[in-house]
Structure formats: C-alpha cells, structure tokens
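*Asks:* Please see the structure below; I have some questions.
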Amino acid sequence: MVRDGSVTVRVPAKVNLQLAVGAARPDGYHELVSVFHAVSLHDDVTVAPSDALRVVVEGEEAAGVPADETNLAARAVLLLAGRLGREADVLVHLRKGIPAAGGMAGGSADAAGALLAADALWGAGLERAELLELAAELGSDVPFALVGGTAVGLGRGERLTPALARGHFEWVLALAEEGLSTPAVYAEADRLRAGRVLPEPRPSERLMAALRAGDPVALARALENDLQPAAASLAPGLHATLQAGEDGGALGGVVSGSGPTCAFLAADAEAADELAGALLDSGTCRAVRRAHGPVAGARVVEGGAREGRGQ
C-alpha cells in the first residue's frame, strides 16, 4: 500500500505500569496518575497523497478497526489539516499489530502516527509542543504515543513528565478473545466504588524506585491498576489469564489500562519465551505476543525529510 511520496511512521503500544483513578470530574473525565511504558508491539501508519481522505486497515489485529472518518487516525489528519488550512486529501494506511480495544492504546497510537506522518508529508514542520497540543485534543493517551519511553501522565493522562527509569524489561502480552470498551470499564469502576471516598491519585513511590533501580522483580511487585477489578468484572476470564501467568513463572502481571490485555513481566528473554508457551498452553487467551520496553515513541521509518523525528 506504500505509494510514492508517502511517509510511514512506526508507533508503539503502551502498558500502564500504574493506573491510579480518582473520582469523576465535572467534565466527566477522571483524575488520573498513569505511568506509561512504551513496548515494542507496534502499528505502522502510512500517509500518502490521494484525491480525498481514505482509510485502509490491514494486519493481524485489523478486525474491528473502522476504515472511515471515525477512525482516530483519520480524525488526526482532519485536525492537522484544519490547523494548516488545507484539505485532508490523503490515504491513511494502518498496518495493525496492536490489538483493538485491548487497553494498549492502539487507536491513540494510530492518531499519533498519523499526526507525525501528515506533518512530514505536508512539510508543515510543526514544533514538538504543537504536535503534543494537537495530540491532547484527540485523546488522553495520544501524547504519550508521540513521546514513548516511560512517563508519568497526570490530569486525564495527557500532562506528561519523563520518568527517571533505567533498564530493559521483557514482557509477555496475553491478548483476549474480545475487546473492552474504555467508557464501559470506567462506568463499571464507578459502580464498584460508589459511596467510597477516593484518595487523590499519586505516583507510587515503590514503582518509581523500582524504575530508577531498573529492577524487574521490584517493578513486578509494584504493578497496579485501579481499573483491573472493573475489567475483570466485565470479562471474568481475566482471572484465569492472570492466574495462568503467575503459574507460568511471571514475576508479576497486570491488566493494561482498561483491558483486557494482560501484561506479564518476565525475568529475562528466556523466561519470557517459557512464559509465552505456558500462557498459550493454558488456553486462557487467544494469542500471546512477546515485547520489550521501553522503546521510542512515534518515529518516521520511511519517507519524509525528518526520519527519526519523534524519538
């Protein structure tokens, strides 16, 4: 699908090492602390000249992803075109490796990739701060997909600060048969926590210490997600998946974001391979992916005048 004059951007999935969810705000969003971690599972987003805005979706995780202007990548192109005062006359081609509705910000990743690719294709040359501003208009997780690495997100998750982190971590990702709606998971969390006085979300000191030390054992023990009970309430099979990961030798596991993907931390690459086999044999998930992190955010990998921008 790559055409002459096109730009391709590779953009990573994310795992939430911590997701602390406060009470609902007057605007309907929740106050969050999200420690984002970019992993090597990725989508490739190609933007090419066309006579009109079109979207094509391919790849092993393409099922259920809209191929029209409701796609977040298409909305990103329309937003940037509006900012530049031009037509959004491009083909957006998505090659999906990140599961849809999986809690790994696949749609947000595509939006970030489309922003960076269209900026390069059109020679707009927007500064990083301008791209991040547009990303935040599109969604809470979109700015992190541009930044990558490991970062602490505040507010809705869109206000980012790089985390003091070292080391390289091996992940095994268990993909579920069906996705979960993020609004539905938040609504279930509100239902489960109704009547409780919720503390103000704060970054976990234990988690941040583990990241500074680059210690996978300490990091595994510090993984936490306030949405995990709600995700498991809507998808009870997650209990079996999490148990299978523990039985298979994971240092620790957590539901990523609003789920239902379960992310398991392994001691090293060999242990990750063994864990992946155990999870497949357990029959508790439809597929397993190996990944490592942290990795760079959205970056141009083909075409454009600024290959590598976004790292």
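The values are calculated or read from the model by the stated rules, or taken from the named source; none is laboratory data. This one's a predicted model, so the numbers in the text were calculated from it and none came from an experiment. In this analysis, Cβ positions are derived from the backbone assuming ideal geometry, glycine residues included, and neighbour counts consider all displayed protein chains.
*Asks:* Which of the residues belonging to segment 39-55 are touching a residue at least 40 places away in the same chain (Cβ under 8 Å), farther than 13 Å from T8 by Cβ and among the aliphatic types (A, V, I, L, M)?
*Replies:* V39, L41
*Asks:* Is it the case that segment 113-123 has a residue that's closer than 17 Å to T8 by Cα, modelled with pLDDT of 95 or more, in the same structural domain as D89 (by TED's automatic domain parsing) and among the aromatic types (F, W, Y)?
*Replies:* Yes, the conditions are met somewhere in segment 113-123.
*Asks:* Taking segment 229-247 as the search range and keeping residues that are touching an Asp or Glu at 6+ places or on another chain (Cβ under 7 Å) and small (G, A, S), which one is surrounded by the fewest Cβ atoms within 10 Å (Cβ to Cβ)?
*Replies:* S233
*Asks:* Moving on. Kindly list, by first and then second residue, each pair from a residue in segment 206-228 that is exposed (fewer than 15 other Cβ atoms within 10 Å of the Cβ) to a residue that is assigned to a loop (DSSP other than H, G, I, E, B), limited to pairs with Cβ atoms under 6 Å and residues at least 6 apart or on different chains.
*Replies:* R212/L164; G214/R166; G214/G167; V217/L251
*Asks:* Based on what the data block shows, is P183 outside the structural domain of E137 (by TED's automatic domain parsing), in contact (Cβ under 8 Å) with a residue 60 or more places away in the chain and surrounded by fewer than 17 Cβ atoms within 10 Å (Cβ to Cβ)?
*Replies:* Judged against the criteria, P183 is not a match.
*Asks:* Looking at segment 157-180, which of the residues that are under 26 Å from L116 (Cα atoms) and buried (at least 18 other Cβ atoms within 10 Å of the Cβ) is modelled with the lowest pLDDT?
*Replies:* Per the criteria, the residue is G157.
*Asks:* Here's a follow-up. Just a yes or no: is a residue in segment 18-34 β-branched (V, I, T), in the same structural domain as I98 (by TED's automatic domain parsing), at pLDDT 90 or above and closer than 17 Å to S108 by Cα?
*Replies:* Within segment 18-34, not a single residue is β-branched (V, I, T), in the same structural domain as I98 (by TED's automatic domain parsing), at pLDDT 90 or above and closer than 17 Å to S108 by Cα.
*Asks:* Might you check whether a residue that is crowded, with 24+ Cβ neighbours inside 10 Å, among the β-branched types (V, I, T) and modelled with pLDDT of 95 or more occurs anywhere in segment 57-66?
*Replies:* no
*Asks:* Are there any helices (runs of 4 or more DSSP H) wholly within segment 199-271 with 3 or more residues that are more than 20 Å from the chain's Cα centre (by Cα) and over 13 Å from V15 (Cβ atoms), and if so which?
*Replies:* 205-213, 216-222, 237-247
*Asks:* Hey, another quick one. For residues that are without any contact (Cβ under 8 Å) to a residue 24 or more places away in the chain and not hydrophobic (A, V, I, L, M, F, W, C), scanning just segment 231-242, find the one that is farthest from E178 (Cα to Cα).
*Replies:* Per the stated criteria, the residue is H239.
*Asks:* Within segment 239-274, restricting attention to residues that are of a type in the set (A, V, I, L, M, F, W, C) and out of contact with any strand residue (DSSP E or B) (no Cβ under 6 Å at 6 or more places or on another chain), which residue is farthest from A287 (Cα to Cα)?
*Replies:* The selected residue is A267.
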